[in-house]
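Notes for the one structure printed next.
The values are calculated or read from the model by the stated rules, or taken from the named source; none is laboratory data. Keep in mind it's a predicted model, so treat the numbers as computed, not measured. Virtual Cβ from ideal backbone geometry, glycine too; neighbours counted across all protein chains shown. Side chains included, ligands, DNA and RNA excluded: accessible areas come from the protein's heavy atoms. Shrake-Rupley method; radii C 1.70, N 1.55, O 1.52, S 1.80 Å.
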Amino acid sequence: MRIRKCQWSRAAAIGLPGLLFLSLAVMPPSPLVDERPLLNFSLIDITESAGVGGAPTYGRGVAWCDFDQDGRLDLFVCNSMGRNYLYRNQGGLTFTDVLTDVGLPPLEELTWGAAWIDYDNDGDPDLYLTQGGFDNADINRLYRNDLNTLGRFTDVTEAANAGGGRRWSVGAAWADYDNDGFLDVYIANQRQPNVLLHNRGDGTFEDVSAAAGVDDDGNARFPLWFDYNRDGWMDIFVPNQRGIHRLYRNNGDGTFTDVTVRAGIRSIPINAWVPITEDFNHDGWFDLYIVVWNTPRTAEPSVLYLNQGNGTFLNVGGATHTGIIAKTMSVQTADLNNDGHMDILMGNGEPSSPGENFLLLNAYDVDTGMLTFVNVSQASGLTAVTPGRSHGIGVADVDEDGDLEVYISDGGPAPASQRRERYRGTNEPNHFFLNQGGNSNHWIKLRLVGTVSNRDGIGAEVRVHAQGVTQYRLVKGGSGFSSMNTPFLHIGLGAAAEADWIEIHWPSGIVQRREHVPADTTLTIIEPEEP
């Protein structure tokens, strides 16, 4: 499906020249949509009572996972100055830091990103940490989950050849790019070429960056895997701050081709920071939203590129009210009101000054096919906390009531020795928001278990049909600012009491289908070994 010509003109989609005003301000809420049906929930700050604020830190990526497999979601929080945290969920929305209890070192001053992935397909989640960032060169870390045998995690970085070299690593994202059943990792670096590590399937990795043609050195930020052309092979988008972005098409033979120019996203926006992907308009093609880290001297809007289904993207930021000019350092997607349309969370603030975060609710009109977003940041309660400098954002149904909670890590730049004097003392606490009321709409949660595909099902495309709309969702191996959401695929159904059908398109090519799936249930779906 293509964009309907009646929805907007190309000039309106790209945005009027007057949009680029020289103040960092949020786009006003859309006047076309009544906010009341959207705001069936509120976000309540429960950081202190939950015990997940930590000392004031320089927060970076966050990652949700049930690392000890006790049925409750736990949280890893990265810091680039100060210690990391592993918060074990004790139940009742309370947590305890157990980082060193399970054999994980604090790794002070260097950690930027975290991902829980089952790299060895043994059934338990392992931990990968991106080290260095803007702070200093370092080696990334891979910790194998040995809780069932040794009661701790084991550092297997060197044995697995998973470090990626001593580099200034910012973000990393996981996917099975060659569909061999084992997860690979792409690492974005500052000042040095990016790295693609291929999982050999024997517990070790090999650097195939140059051979694959993805060893870009354009000052990369946070990479994103998604199958933009829906050919069954995961592609890579790499934003480069003050550089030329890269969209690498997966050729299916272990190599990639740079198709950014043809796709129309080579250098817009120039100061790109973090990308995210969803099918925002339900046309079956994964779109691309890129946020911009503006400083007091720059004024670039964030960009929503709608996938046209022919290898190209169209910028509709202006027409959809997502072309926001702000000090944005992170972005995440979630269906916070369970209406079946994916919303956008934006973390704001830059080193010299804090900023308020944004929540843009997707107000897609099913009848007309019109896509627009409404800014409900203040009305939802998101801005009730002190403005900060937000980085990692992770969402999960922590209290298991059917709606998604939000965790946001805050904090300033690198240690003062690495930065100008005026950046001293910019650290601040993180924030954990309880979602109250989002479960007034129906939902389904899916946990995928791969057998032929990778165990986590990363890269699987899930299609859910209810109330005349098909949602297309992707199981991701990391998203946003080097962060990770709940391992469950959380799907809002609106007023529907069931999903008419669910299809899982596994990376292996196997397709699974279930009919008439009741709402408000959590399902574990195991991949069959044959179609």
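Quick notes
- Along the chain, counting only chymotrypsin sites (Phe, Trp or Tyr not before Pro) with a DSSP assignment other than H, G, I, E or B and at most 16 other Cβ atoms inside a 10 Å radius, the longest segment between sites is 135-531.
- Binning the C-alpha pair distances of region 267-388 at 5 Å intervals from 0 yields a P(r) profile of 2, 11, 22, 24, 20, 12, 6, 2, 0 %, listed from the shortest bin outward.
- Heavy-atom accessible surface of the chain, averaged per residue, reaches 35 Å², computed with a 1.4 Å probe.
- Relative contact order (%) - criterion: Cα under 8 Å, at least six apart; region: region 194-255: 25 percent
- In order through region 173-181: 3J(HN,Hα) via Karplus (6.51 cos²θ - 1.76 cosθ + 1.60), integer Hz, x for Gly, Pro: 9, 10, 6, 9, 5, 9, 6, 9, x
- When a 1.4 Å probe is rolled over the protein heavy atoms, the share of accessible surface on the chain that falls to carbon and sulfur comes to 50 percent.
- Separation of alpha-carbon centers, region 261-290 and region 504-531, rounded to whole Å: 28 Å
- Close amide H pairs (under 5 Å, H built 1.01 Å from N) link Ala220 with Asn189, Arg191, residues at least 5 positions away or on another chain.
- Net charge over other residues, Cβ less than 12 angstrom from the Cβ of Thr257 (K, R count +1; D, E count -1): 0
- Neighbour count of at most 16 Cβ within 10 Å plus DSSP loop: longest GluC sites (Glu not before Pro)-free window in the chain: 109-399
- Longest to shortest principal axis, alpha-carbon extents of the chain, angstrom: 60, 59, 49
- Residue-averaged [θ]222 nm for the chain, counting only DSSP H segments that reach four residues, each worth -39500 (n - 2.57): -1000 deg cm²/dmol
- For the chain: relative contact order, % (alpha-carbon pairs under 8 angstrom, 6 or more apart): 17 percent
- With contacts taken as Cα pairs under 8 Å and at least 6 residues apart, region 166-221 reaches a relative contact order of 31 percent.
- With both labels modelled 7 Å from their Cα along Cα-to-Cβ, the Thr524 to Thr470 distance reads 3.0 nm.
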